[in-house]
Structure formats: C-alpha cells, structure tokens
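Peer 1: Before I ask anything, let me first share the structure, which is written out below as structure tokens.
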Amino acid sequence: MAANVLSELLARNSKFSETHTAPPDLLTMAKAVRSSGLGTVILSCSDPRLNPYQIFGIDPTIKGITMVRNAGGRALDAMRTIAVLQTIGNPSTIVVVHHTDCGMTHFHDAEIKKALIEIAPQEKDAINATKYGEIVGSIEESLEEDVGFLGASPFIRPGTRIVGLKHDINTGVVTQINETQAGN
Ligand SMILES: [Zn+2]
C-alpha cells in the first residue's frame, strides 16, 4: 500500500477501468427495476467493517439493489435519499441494517455536538437543534425506531415492505428483528 491512500485508490481505479464494461444507462435500468417490482434499498452504517455487498453476497446477478449508508444507518439522515429513490426505482422493500459495536452506540449526540461546536462555533444553535443519530438503547430498539419512522413517513409509498436487520459484527450473522408495511 502506498503511503498516500488516494494515489493508491487512483492506481487501482486505473487497473479496474481496463476491464470495466459499461452498465445499462440509468433510464433503462430504472424502468427495468420499476417493472420488476424487485427494487430494494439497503440502508446501513458507514462503518468500514460492515460491507453490505459481502454480507449479503451482492453481485451483478442481483438486480435492483440500491445502497444508502450513513453514520449508524439511521433513517432520519437517509430520508432525503430514500424519498428520491422512491420516485426513481419504486422500491418494494427497504432494509435497515444496524450493527453491534456501532460508533453511534459509543459516541452520543452530546459529545458530537460539543466537538462540532468547537469546529463551527457560529453554528451553535443549528448544531444544538440537530439530531446526529445516537443509539442510546439496544440495536433492537434503534431498529424499532427507524423501521417505525420509515413506515410512518408520508414519503414512503404505502405497502412498501420495511425490514429491520441486526448485523453481528463479530460473527457476521444477520438476524431479522422486525418488519412493517408503510402506510399501516
Ligand atoms: Zn455503525
């Protein structure tokens, strides 16, 4: 590995692009996903230890998967993107993945706000008014909160299946915790 990570990434991209073949164009792909009814959004954490493509064995033979990642895999933060995806790919399923030993269980909003106010003191009021996605209870509880939040959102098409999965970072095992249908 080169000392400079960006240089290494660009070098690897150069190699990647030598054998890359162009995917279908966006409008063709979106139309196919919409008509299949199989569109699936996976919302998971930004944590580098959690690789949703590996965990679920996702490769190009599985069509219609769209990834959303943020700190904690929190629904509130992902809402804008999921709302947009509702209008493009018409996903029938939204999967929320939270994991054990998540950073958001260790770093809570009070500490995050304190650190952000040091960076941007002029934004103190806005920072204090923002939710940063802390997980203060169990992963089961955070999944209840986020699956419930998406199920009740007016931006999620009624009937969309919303599933909460817990990923054990140590064993790799994923367990379904809950499920709802939007609009119920
Ligand atoms: Zn995490």
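Peer 1: Around Ile117, under 15 Å between beta carbons, what's the net of Lys plus Arg minus Asp minus Glu among the other residues?
Peer 2: Details: positive: Lys113, Lys114, Lys124; negative: Asp109, Glu111, Glu118, Glu123, Asp125.
Local charge sum for Ile117: -2.
Peer 1: If you don't mind, another one. Calculate, in nm to one decimal, what Asp25 and Ala152 gain on full extension: separation in residues at 0.36 nm each, minus their alpha carbon distance.
Peer 2: 42.4 nm
Peer 1: Give the ranking of Ser35, Ser7 by solvent-accessible surface, highest area first, calculated with a 1.4 Å probe.
Peer 2: Ser35, Ser7
Peer 1: Provide the solvent-accessible area of Glu141, counting protein heavy atoms only and rolling a 1.4 Å probe, rounded to the nearest 10 Å².
Peer 2: My reading of the accessible area for Glu141 is about 110 Å².
Peer 1: Can you count the Lys pairs in the chain whose Cα atoms are under 24 Å apart, with each pair 8 or more apart or on different chains?
Peer 2: 7
Peer 1: For the pair Ala120 and Gln54, how long in nm is the line joining their label points, each one 7 Å along Cα→Cβ?
Peer 2: 3.3
Peer 1: When only the heavy atoms of the protein chains count and the probe is 1.4 Å, how do Thr21, Thr40 rank by accessible area, highest first?
Peer 2: Thr21, Thr40
Peer 1: Let me cross-check Phe107: its accessible surface, 1.4 Å probe, with only protein heavy atoms counted, in Å² to the nearest 10?
Peer 2: Roll a 1.4 Å probe over it and Phe107 shows about 120 Å².
Peer 1: Taking R0 as 30 Å, what's the FRET efficiency between His108 and Val84 from their Cβ-Cβ distance, rounded to 0.05?
Peer 2: About 0.55, to the nearest 0.05.
Peer 1: How big is the accessible area of Arg74 in square angstrom, nearest 10, if you roll a 1.4 angstrom probe over the protein chains?
Peer 2: About 20 Å², rounded to the nearest 10.
Peer 1: Return the distance in nm (one decimal) between the two label points of a simple spin-label model at Thr61 and Ala129, each offset 7 Å from Cα along Cα→Cβ.
Peer 2: 5.1
Peer 1: Quick one: Cα centre-to-centre distance for the range 47-120 and the range 121-154, in angstrom?
Peer 2: Distance between centres, Cα-based: 12 Å.
Peer 1: So with the 1.4 Å probe, I'd like the accessible area per residue for the chain, rounded to whole Å².
Peer 2: Heavy-atom accessible area per residue stands at 61 Å².
Peer 1: Per Stokes-Einstein, at 20 °C and 1.002 mPa s, what whole-number D in µm² s⁻¹ belongs to the chain, with the Kirkwood radius over Cα pairs as the hydrodynamic radius?
Peer 2: This corresponds to a translational diffusion coefficient of 117 µm²/s.
Peer 1: For the chain, what is the mean residue ellipticity at 222 nm derived from helices alone (per DSSP H run of n ≥ 4: -39500 (n - 2.57); sum divided by total residues; nearest 500 deg cm²/dmol)?
Peer 2: On the way: 8 runs with 78 residues, N = 184.
That comes out to -12500 deg cm²/dmol.
The values are calculated or read from the model by the stated rules, or taken from the named source; none is laboratory data. Since we're looking at a predicted model, the values are computed, not measured. Because the Cβ atoms are built from the backbone with ideal geometry, glycine has one as well, and the counts that use them run over all protein chains shown. Side chains are part of the model used for accessible areas, which takes the heavy atoms of the whole protein and leaves out ligands, DNA and RNA. Shrake-Rupley method; radii C 1.70, N 1.55, O 1.52, S 1.80 Å.
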